[in-house]
Amino acid sequence: MAMQPNKHQDKVALVTGAAQGLGLACAERLHAEGARVFLVDVQGDKLNDQVARLGERAACWESDLSTLTRAMADDMVEAARDRFGGVDILVNNAGIMHIDDFVDFPEDAFDRTQRINVKAPFLIGQAVAKLMIAQGRGGAIVNMSSINALLANPRAVAYAVSKGGMRQLTAVMAVSLIPHGIRGNAIGPGTIMTELAKAALATPEQRHMVLSRTPLGRCGEPSEVASVASFLASDDASYIVGQTIYPDGGRLVLNYVVPVEE
């Protein structure tokens, strides 16, 4: 999707998990298309570096979403409103993954994954929705789900459960908020070349395992997910509500492995 410099002119976007990876790519895309961006992450130093790079139309808020409460979410959204005058777009991107066998999966890792990947988007979504309703001009909420909402990864039970939860949270939010002119949708990426994915695909065997299930023959780039976020947050998606869009290189429609170019 071609970048349009004025697509989000004068809009304010709050993006979580925005110090790196998909969150940063989404924030950069929205910023390049005219939005003021409020970046949220636990990595304070990286956040400050990104804000310094993006300039005066960017601000940040350091927060550990694993301990987020409703009051903390309210404070975060109030800070965005105080800095930029409101919030028009929310990108609930922050998420974590823990890998372990199902029978050995740690309880604390399961709980922490749900707190960051599901509870935090719920609380931040509530806080942003209340502000959007008060503003009276609608808005757009974009949640980050995953192909793992539909596919079973036997070593990522907590992540898969959380992304399935995010998919359904999106649907419920969408139906609840559309009377207020607030559209809720989600993105379900396949394997995208973030810092974490690059580490996970460090060996030829790991690369082969992923690409053999990806008809397009390559992994995605963060910018390709950011373009979907920009679209869903824009008026171009005015009739799209409660959907999950899957930028996955064709992975979900494949029922067998494909040859991999070595």
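Summary of values
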read-out: Flag if Lys130 is loosely packed, with under 15 Cβ neighbours inside 10 Å, closer than 21 Å to Gly184 by Cβ and modelled with pLDDT of 95 or more; value: yes
read-out: Asn143 vs. criteria touching a helix residue (DSSP H, G or I) at 6+ places or on another chain (Cβ under 9 Å), without any contact (Cβ under 8 Å) to a residue 12 or more places away in the chain and of a type outside the set (Ser, Thr, Tyr); value: no
read-out: Any hit, segment 126-139, residues being farther than 23 Å from Leu177 by Cβ, part of a helix (DSSP H, G or I) and not aliphatic (A, V, I, L, M); value: no
read-out: Yes/no for Gly165 being within 23 Å of Tyr246 (Cα to Cα), out of contact with any Phe, Trp or Tyr (no Cβ under 8 Å at 6 or more places or on another chain) and crowded, with 20+ Cβ neighbours inside 10 Å; value: no
read-out: Out of Ser230, Ser212, sole residue that is buried (at least 18 other Cβ atoms within 10 Å of the Cβ) and among the small types (Gly, Ala, Ser); value: Ser230
read-out: Unique match (being under 27 Å from Asp111 (Cβ atoms) and not aromatic (Phe, Trp, Tyr)) among Val210, Val157; value: Val157
read-out: Residue count, segment 220-241 (criterion: over 17 Å from Ser146 (Cβ atoms) and either within 14 Å of the chain's Cα centre (by Cα) or not in a helix (DSSP H, G or I) (or both)); value: 10
read-out: Residue under evaluation Asp88, criteria (1) within 20 Å of the chain's Cα centre (by Cα); (2) surrounded by fewer than 21 Cβ atoms within 10 Å (Cβ to Cβ); (3) acidic (Asp, Glu), criterion not met; value: (2)
read-out: Breaking point among (1) assigned to a loop (DSSP other than H, G, I, E, B); (2) out of contact with any Pro (no Cβ under 9 Å at 6 or more places or on another chain), for Gly249; value: (2)
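This table checks each residue for (1) touching an Asp or Glu at 6+ places or on another chain (Cβ under 9 Å); (2) in a loop (DSSP other than H, G, I, E, B); (3) closer than 29 Å to Phe122 by Cα.
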| site | (1), (2), (3) |
| --- | --- |
| Ile178 | no, no, yes |
| Ala186 | no, no, yes |
| Leu196 | no, no, yes |
| Glu205 | no, no, no |
| His208 | yes, no, no |
| Arg218 | no, yes, no |
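The values are calculated or read from the model by the stated rules, or taken from the named source; none is laboratory data. All values reported here derive from a predicted model rather than from experimental measurement. All Cβ positions, even for glycine, are placed from backbone atoms using ideal geometry, and neighbour counts span all protein chains on display.
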